[in-house]
Every structure is written in C-alpha cells, then in structure tokens.
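For reference, the structure discussed in these notes is given below.
The values are calculated or read from the model by the stated rules, or taken from the named source; none is laboratory data. Not measured: the values here are computed from a predicted model. Every residue, glycine among them, receives a Cβ derived from its backbone with ideal geometry; neighbour counts consider all protein chains shown. The accessibility values were calculated without ligands, DNA or RNA, using every heavy atom of the protein model including side chains. Shrake-Rupley method; radii C 1.70, N 1.55, O 1.52, S 1.80 Å.
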Amino acid sequence: MADAGILWDMVHSEDLCSVIKGVEESARTLKPWSMQWRIITPSGKLKWLDSVARPERQENGDIVWDAYVSDVSDRKRAEIALQNSEARFRLVTENMSDLVCLHRPDGSYLYVTPSSKTLLGYEPEELLGRNPYNFFHPDDCDHIRSESHQPSLNGVQKLTLYRMRCKDGSYVWLETLTDPIVADDGTVKHLQTTSRDVSDRVQVRQQLKHDALHDSLTGLPNRSLLLERLEGRLQKAKAEPDFQFAVLFLDLDNFKVINDSLGHSVGDALLIAVAQQLQTFAYGADMAARLGGDVFVLLLEDIEDLAEAISVAEGISKNFETPLLLESGKQEVFTSSSIGILPWDPSYHHSAEDLLRDADLAMNQAKRSGRGRYTVFSPEMHCRAIERLQLEQELRQGLDNNEFVLYYQPIVFLKTGEVKGFEALIRWQHPQRGLVSPGEFIGVAEETGLIVPMGQWVLETACGQAAAWLRQFPEQNLRISVNLAVPQLQPQFLKFLDYTLKHTGLPGERLTLEVTEGVLVKNFDAADRLLCQFKSRGVNVSIDDFGTGYSSLSYLHRLPADALKVDRAFVSPQVPDARNQAIAESIVTLSNLLELDAIAEGIETPEQLQWLRTIGCEFGQGYYFSAPLPTNDATQLLAQRPLSISHSTETSPQKETVSLKAASISGVS
Ligand code: C2E
Ligand code: MG
Ligand code: MG
C-alpha cells in the first residue's frame, strides 16, 4: 500500500476541500468514501484519480481507510472532450439561423435543429416524423421531388429553391442543399438538408423582374411582357387552328393637348384612369398593356370572331363618352381613342412585332379618319406603309438632289383681273415619275418632319424670287404667298424668317404666310402667338382653306390675320349646290365684317367669277385665270402690260408645265 501522506500533498488545490470533506464525512459515518479528484505530480502533470476507500475504526479509536486508487486521467480527458464537443454542438445548433434536418429516405423528419422555430414557427418536435411534402407549396412539390429528392436518393447532392409553409400559414423561400448520407454498403440511409431563408433575395429579384416587365406609372404590363405573351399566343394559334385572338391598339386622341394645357400630373392621372378603364375590358387571360406615352394595347384571347373584337372596341369608345374622373383634383377630363383592330390571320403574321406593327398601322388609319374611331387591319395597309416608307426615303434624296421646284399661281384682283401677287406651290421633279403634285408628298413630309427643311427651302426660294421680281418690276407692288405646315410653326421659325427676309432683301410686307384653318383649331394659343410675331415684322397672314377646319367663330376676331381664303370646295364644288354657295357667301360677308380680305380659291368658270364679284369677294385664284406657272412663265406674265389676265385655257393642273398662252392683256369681262 502506498503512503497516503504523499498523495495528500499532491491534491489539486481546487479539489482539496471536497477531498477533506469526503474523508471527514466517511470518518464520522464510517461509510465508504469514493471520489474522483485531481493531483499535481512532482513533475507538474495533472492526473485524475478515482478512489474508493472503506473506513475501519481501530481499537485505539483511529480510523484507517482501506483504499483503492486508480489513475483515470485518460478516461476523464475523453469525457471532458466529449462534454466540450456536445456543448459546442448545442451552441451551434441552438444559435444557427439555417435549418439543418435529417430525413428518412421517404423525406420524413428524423432530426430538426431548433432554428425551425425562428424559421418556420414550429418547434422541432412538431416536425419530427412528419412528411415535409405537407409543408411545401403545392406548386413546388413536383419540382422538389424531381430536382432534389430523387437525385439525392441516387447519391447526388442537390441545391433547390422552393416555398415552405410556416405555422402562421405564410410562405418562406428556402434555398436547400440536400446531401445523401451513404452507408458502408453504398445505400443511401438518410438525407441531410441544410436550408436557408432567401425570401428577401427572391422578393428583390421578383420585384426587379416585375419592374422590367411593367409600366411604373399604370402598373400595366409593358411592351416586353406584351411581346412575350403575344409570342406565346402566336405559337398557340399555330398549333390550335380554332384558337382566335385579336390585338386592339389604342392611341388617345387629345393627350398632348391635355398634358400641355392641364399639366403633367393631370396627364399622368388620365393615363392611370385610362389604364383602369382598359382593365375592365380584360377578362381571364386577356392582357391590357401600356406601350409608352398614350399608347395602350388590349390583347383579347380566345375570341369567337372579329365581331367580338369590334364590339370590345366599340365598348371602349362608348366608355370614353363619359368624362373620366381623375383621382388627382377630382377633375373631369374627356378623352377619346383611335383604335386599330388586328385579328389573328394565319396567312399573314409571323412574329409578335409584326402583330404590333400592323395593329399600329390600323390605328393610324383610324386616326386619319377622325377621332374616336376604330379600323380593322387589312394587308393593303401594310403595302401602303411600305410605299410611304419608300416615299420618305425618296423625299430625303429629292431634297439632297434639289429635285423640288416652285410654281407660282397668280392671285388676282377680281374686279380688274390685275395680278396682285403669287402663291408659291411646291412641285417635285421626280427623276422617274415626272412632275409630282404636293398632294402626293406633303402629308408624308409633315409626318416625318421633312417638311421643316423643305419648307425652309420653299420660303427662301419664294422670297428670293419675289425680291428678284420686285427689283425687275418695282412698280407692281407684288406679294408672294407661302404655305406653312404645322411642324414649321415653332418659335425657331421666326429666326429663320428674319434671316430669310434679310438675306433675300424682301420687305416683310411683301410676304404673306398661309396657315390652314386646321392649324388654328389644333393649337390656337401657340399659333396666335406666332402669328402676332409675323405681324410685328410686317408679314401678312392668310387663313388657308377657310371653312373646312371647323374653327370657332368666337375667336376669329382675335386672330391677327389679314385674309381668309375661301376653300375651293365652296367655290367650284364638284356638284354645285346652294349650300356651298351660301357658305362661300357667309365667309365673304364675315371677312368684310372683320375687315379681312377674302380670297376665293379654285375659280374655274366665268360664272363662278361673276358670282364671286356680286357677293363682294375681292380677290381670287384659279385655273380660270391661270394654273400655277413655272418661274419663267410667271416672269413672262409680269412683263405684260397692263398686268391683268382674262382667263387661261389651262383648266387642269396636269397642263401646268405648258407655258401660259392665254394671259391676254385685256381686263376681266
Ligand atoms: P393650297 O395652299 O390651298 O393651294 C391651292 C391648291 O389649289 C393648289 O394645289 C393649286 O394648284 C390648286 N388650284 C388652284 N386653282 C385651282 C382650280 O381652279 N381648280 C382646282 N381644282 N385646283 C386649283 P397644289 O399646288 O396641288 O397644292 C395643294 C396643297 O398643297 C396646297 O393647297 C397646300 O396646302 C399644299 N402646298 C403646296 N405647296 C406647299 C408648300 O410649299 N408648303 C406647304 N406646307 N404646303 C404646300
Ligand atoms: Mg395655300
Ligand atoms: Mg387653300
């Protein structure tokens, strides 16, 4: 037996108290004493001892222990290491936000980390033994089974994204890594999943995707989403011959005016209100989309026939007959839309872009025919559009190649036949088509903006020519009239006007600018401001084609105009009737009352001339006097004395190129 005294000296100071206590207790009760305690060996090593000692009282009263002491240091260290690692494991599982689970091969839960509580609202015990498929979003189950569960049962690690229902019924997006746990025999015994809540990330991604496919103002699908859907419908229609759909392409008729006059916030509110209206026409899979600006599209799915699409278009137009109540200032705004209807036609359309382009063409056709109308697309529209495109290109080339010329039509003092001036009218000397009249290209030039450079050329050429005539025939006090188109009526036009007058040397009072009545109707205030600026330069203003533009008589007296040109529809109507004559007479009377000149357009017969003279119309132009003339012929006319013309034998514009033969020197009889 070892000397117990040596051991006492080595007892670890932290264990000394309990060892002494244990020994004293054993001495008092004479019960065996057992304990694990530490010693520090003389070489400084820590050792764990396990001792069991049985007390025995000697005859002299001393107590002697019969003890068995063993070195359990190795076992104790292993125990402590295990305790530490368990504590660490608990620490990790209790504090981690990821959900780690162990599953049986059928998916049911074997082990669930405590994070299930924070992630899903379930205590781990509530999940144990249950099948996770009961918690997956129904739409995700198939995907999870095929993309994750099955492959991992085959030993493949898989990462998937799916939705899982929480205890409160809401869903979280989980990104889950599924690991197979393979036994020694190679079979998959368990599956381990590590799931992370990625709801925020998915939401941000979904929001970005939504924003990329929707219009931020109205919330409607945008062009990209519409094209995607249209592409899908095209595929479906090609596969299912009975499937019919139609595209309604809408453009508001007066949006620019509302935006400019009532402000952008009212404009925005109007667009939102229109979007809401349109949505009421979209049933089931139909889609209302905004392409930008004031352009909307309604995709009608699975319609019976064209008549159904037409009735929807009529319904939309009818709805716009009542004013829209805007959320903003409780303001009521009237609007209308031009609608192009494109029914699906298997023989014609190839792509979603084609569908939109053709629906747009039909809408443009509707717009040309007036406000609030609809037009059904026909393939000829496409041909016409191509022709227009070609025309536009040729017009550009024509401008570059100086293919345009001006003709001059005399404006005559009706009492005497005296030439008071000329109206400059543009012609296109086309290399293949010969002389082309403006009716065939002015419209396209206006739409494409080409009218601006073209109009500048006209103004410069006409002013230059008039200045030359004034120098050559100074006694004749001639005036030159130049037509202006809407796109030219911009403030920067004034600069060009000043430049032209200065550089050609034509006095402002020798120039008349003709604006059509339609221009005034569209934007009276802006036109009015510009016309005042013309007047301040001494330039005269004529209102062209008067009587055709539905202008309000109420603002006519405010207009800074000098003359009204009575449209030829009232002077030489194709079928003369009393109403046209009455209108012409009223315009002449009105111009006299407002102290404006009246200039009759399109005088073709002596009877018309006679009648115009009797109703007091002072000026006129028309084939009866002269067709528009090339420059040389106009100069020749000016050289005649006295400067007055009777009538021309030219009665058709086709003969314009023939020089003026009948500009006789006699007065008008
Ligand atoms: P407008 O300004 O009303 O010009 C009068 C039109 O009537 C001219 O047609 C003229 O040739 C035609 N005309 C003149 N007398 C008679 C007649 O007795 N009977 C008939 N049936 N027609 C007559 P044109 O030259 O074909 O011009 C057509 C329109 O094109 C013009 O109408 C004007 O609006 C526009 N236009 C012509 N030149 C220019 C231009 O340089 N700039 C702009 N912006 N428009 C122009
Ligand atoms: Mg004119
Ligand atoms: Mg006219």
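Observations on the model:
- The angle separating the long axis of helix 306-319 from the principal Cα axis of greatest extent in the chain is about 80 degrees.
- Between ASP302 and LYS45, the modelled labels are 8.6 nm apart [label points 7 Å from Cα along Cα→Cβ].
- Just the protein heavy atoms count here, and of the accessible area of the chain at 1.4 Å, carbon and sulfur take up 52 percent.
- Label zone at ARG88 (point 7 Å along Cα-to-Cβ), backbone N below 19 Å, region 110-126: none
- Remark: the Cα gyration tensor places region 335-420 in the oblate category, a/c being 1.5 or greater and a/b not exceeding b/c.
- The slack in the chain from ARG145 to ARG57, taken as 0.36 nm per residue of separation less the alpha-carbon distance, amounts to 24.1 nm.
- Globularity ratio of the chain, using Cα Rg and 2.2 N^0.38 Å: 1.85
- Cα shape, region 329-381, gyration tensor, a/c 1.5 rule: prolate
- 3J(HN,Hα) along region 273-279: 5, 5, 4, 5, 4, 4, 4 Hz, from the Karplus curve 6.51 cos²θ - 1.76 cosθ + 1.60 with θ = phi - 60°, whole Hz, x for Gly and Pro.
- For region 288-401: rounded, prolate or oblate by the Cα gyration tensor [a/c cutoff 1.5]: oblate
- Here is how the number arises for the chain: DSSP H runs of 4 or more residues each give -39500 (n - 2.57), the sum is divided by the residue count, and the result at 222 nm is -12500 deg cm²/dmol.
- Paramagnetic reach from SER261 (point 7 Å along Cα→Cβ, amide N under 16 Å) across region 308-324: 323-324
- Between helix 352-368 and the chain: long-axis angle, C-alpha atoms, 0 to 90°, nearest 10: 40 degrees
- In this rough spin-label picture, where each label sits 7 Å from Cα along the Cβ direction, the THR322-GLN235 distance is 4.1 nm.
- The heavy atoms of GLU509 offer some 90 square angstrom of accessible surface to a 1.4 angstrom probe.
- Cα Rg, Dmax (largest Cα-Cα span) when computed across region 110-179, Å: 12.1, 34
- Counting only the Cα atoms, region 557-647 fills a convex hull of 116 Å³ per residue.
- Spin-label model distance (nm) - GLN203 vs GLN581, 7 Å beyond Cα toward Cβ: 8.0 nm
- On full extension, the segment bounded by TYR555 and ALA183 gains 124.4 nm, given 0.36 nm per residue less the C-alpha separation.
- Using a Förster distance of 41 Å, the FRET efficiency for PHE413-THR280 (Cβ separation, nearest 0.05): 0.10
- Annotation: per residue accessible area for the chain equals 52 Å², rounded to a whole number [probe 1.4 Å, protein chains only].
- Between the Cα long axis of helix 524-536 and the first principal axis of the chain there is an angle of about 50°, rounded to the nearest 10.
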